[in-house]
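Colleague: To start, I am sharing the structure in question, which I have written as C-alpha cells.
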Amino acid sequence: MSEKHPNLYENATQDAVDHLIQPWPSAGSIGAESRGMLGVGEGVYVHDEKGRKLIDGPAGMWCTNVGHRNEALADVLKEQAMELSYNSPWYTTNEPSAELARRIAGHAPGDLDHVFFTTGGSTAVESALRFAQFYNNVRGLEAKKKIICREGGYHGSTYLSASLNGSQRSRNWMDFADDMMIRLSCPDPFRRPREMSLEEFGDQLVAEFAEAVREHGPENIAAFIGEPIMASGGVIVPPDGYFQAIRDICTENDILFIVDEVVTGFGRLGHVFASEACFDVVPDIITFAKGVTSGYFPLGGMVVSDRLLANLRTSNHPEAMYAHGLTYSSHPIGCAVALKNLDILEEDLLEYTRGITPYFHEKMKALEKLELVGEVRGMGLMACIECVADRESHNPIRLDTEVGNRIDKHCQELGLLVRPLVHMCVMSPPLVITRDQIDSMAGILHEGISRTMRDLRQEGIWQG
C-alpha cells in the first residue's frame, strides 16, 4: 500500500482552506475550512493525515459496500474508460447501461422492469418526483401534485428532493417547495408515548396518513415517498406492517408509492432491494444510488413499474415529453463499474452480509449497557446508537458541540471513524467486514462512549 508524504497532506489542507467550498458549510466558515484529510483506503480501513489506520464505520457515506481498493472495480474503471469514456444519452446508447438496466430489473420486485439512470441519490429522487408530475399531467390530472413525506426523512440536496427533508437543521436557512409537501410524523418507535404499544403506534401512523389523504384529497396527491429505514434520520425502523398499510392506501387512492432505497439498496440489508425482501411491499418506483457502484463512481437511478409506462404509452398525448435528463445519465464508466459491483454482490457478498448481520447487532446492542446510551437499533449492516440524558425521559443530550462529535473524536483517536448525528452515532461499515473487525469496532465504540461519559461528568453537564 502506498504511503503519502506528510507535506502532501499539509499542502492539501491549506489548498482546501484557501479554495475549496465543502458540502453543507456554516456561513461562518464557508470557503475557509478543511475537514479531516483521508489519503489511503484498503478494505474496511482508511488512513488519515496523522497516519492513523481507522475502521471506516460509515462506509464513506453508506456507500463503500465492497470496501476500499477493490482491484476488480478499479480495473473496470480503466478498461471502460479506454473503450468508451462517454456518450450522449440524448441520441446514443452504450452497452453497459443497457445490460445494467436488465440486471437491475431482474432484482427489482413486481413489474418494476425499466431503469432511468442519474448521477446519484438526489438526482434519482428528483427524477422520480418529476416523473410523478409528468405522469399525472399526461393523464389530465394537473392538480395531482402534492407529495407526502415524513419528519426525520432525508432524500437529497436538489430543490425538490431537499424539500422532502424532515431535519430542522437542514431547513432553517434554505428555500423549499413547501407548498407541494404534506409532512407527516416520524415513524420512530423509540420516541412514541411511553404508554403506547408498538402496535398502537403503528396504527396511529397509518391513521395519520389516511387522514392526510382525506384532508388534502387524493385528487391533489401525486405520491408518497419514504425510506424503508430512515438512514440519516437515525436508522429508524418503522413498526411491522406500517409500509404494507401505507401501500394499500396509496393503491386505493391512485397515489404513487415511491420507496427511496438510496441507502438500503445494493446489499446494505443483504439484498439488492429491500422493499419486498424485508418489508413485503412492491413499490411503483424505487430510487437507488450509493451502493450501486460502492461509491467508486457517481451513479444513481430509479426503477419504474411497467404499469405506469403502459399508461403513458396509451394516453391521448403521445407527443408529451418527459423533458428530464442529465449529461451523465447512463454514463458508460459508472454502469460498467456497477455491473462488476453487482457481480461481487451476487457471487457471495449478499449472503455473507445476511450471515454476519446477527453478530453485528449482538455486538452493537451490548452498548446499551452504558448509561449514556438510550437505544441501539438497526437492521442489516446499519445501526444507530442514540444517547440520552436519562433513560426515563429519553431526552437527548445535544450540547453546544453535540455529543456525537465528542464520541467520534475519541473513536478516531482509538482507530474508528463514526458518523455523528447530533446526539446519535451511526454505523454502516463495508459489507466485507469480518467478525474480528466488528469486535474491534464495538470495543472502540464502548471506550469512546465511556470517555465521553467521563468528559461530560467532569464538565458538570451530565451526571448519569
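Colleague: Quick check: residue separation of Thr314 and Leu84 times 0.36 nm, minus the Cα distance between them. What number comes out in nm?
Modeller: Extending this stretch completely gives an extra 79.2 nm.
Colleague: Please compute P(r) over all alpha-carbon pairs of the range 1-147, binned at 10 Å starting from zero, and give each bin as a whole-number percent.
Modeller: Going out from 0 Å in 10 Å bins, the range 1-147 shows 8, 20, 30, 24, 14, 3, 0 percent.
Colleague: Please pull out the direction-averaged projected area of the chain, using the convex hull of its alpha-carbon atoms, in nm² to one decimal place.
Modeller: Over every viewing direction, the Cα hull of the chain projects on average to 22.9 nm².
Colleague: Now for a separate question. With 10 angstrom as the radius, rank His68, His331 by how many other C-beta atoms surround their C-beta, starting from the fewest.
Modeller: His68, His331
Colleague: For the chain, what does -39500 (n - 2.57) per DSSP helix run (n ≥ 4), summed and divided by total residues, give at 222 nm, in deg cm²/dmol to the nearest 500?
Modeller: That comes out to -12000 deg cm²/dmol.
Colleague: With the radius of gyration and the Kirkwood radius both derived from the Cα set of the range 87-330, what is their ratio Rg to Rh?
Modeller: So for the range 87-330, dividing Rg by the Kirkwood Rh gives 0.95.
Colleague: Using 0.36 nm per residue, how much length does the chain from Gln458 to Ala143 gain when fully extended, once their Cα-Cα distance is taken away?
Modeller: 107.6 nm is the gain from fully extending Gln458 to Ala143.
Colleague: Starting from the Cα of Thr327, move 7 Å in the Cα-to-Cβ direction to define the label point; list residues of the range 282-321 whose amide nitrogen is under 20 Å from there.
Modeller: Counting backbone N atoms under 20 Å from the label point, the list is 297-301.
Colleague: If I model a spin label at Asp280 and Thr434 as a point 7 Å from the Cα along the Cα→Cβ vector, what separation in nanometres do I get?
Modeller: 3.8
Colleague: What nm distance separates the two modelled labels at Phe134 and Glu351, each placed 7 Å from Cα along Cα→Cβ?
Modeller: Result: 4.0 nm between the two label points.
Colleague: Check each of the trypsin sites (Lys or Arg not before Pro) in the range 176-269 and keep only those in coil by DSSP with at most 13 other C-beta atoms within 10 angstrom; list them in order.
Modeller: Within the range 176-269, the qualifying trypsin sites (Lys or Arg not before Pro) (loop, at most 13 other Cβ atoms within 10 Å) are Arg194.
Colleague: 7 Å from Cα along Cα→Cβ at both Lys53 and Ala12: what's the point-to-point distance in nm?
Modeller: According to this spin-label approximation, the distance is 1.9 nm.
Colleague: Tell me, how many Å apart are the Cα centres for the range 197-214 and for the range 222-260?
Modeller: After rounding, the separation between the Cα centres reads 12 Å.
Colleague: Rounded to the nearest 5, what % of the DSSP beta bridges within the chain are antiparallel ones?
Modeller: 65
Colleague: With r as the distance between the Cβ atoms of Tyr159 and Ala105 and R0 = 30 Å, compute the FRET efficiency 1/(1 + (r/R0)^6) and round to 0.05.
Modeller: 0.55
No value in this document is a laboratory result; all are computed from the given coordinates. Computed from a predicted model, the values in this text were never measured in an experiment. Backbone-built Cβ (ideal geometry, glycine too); neighbour counts: all protein chains shown.
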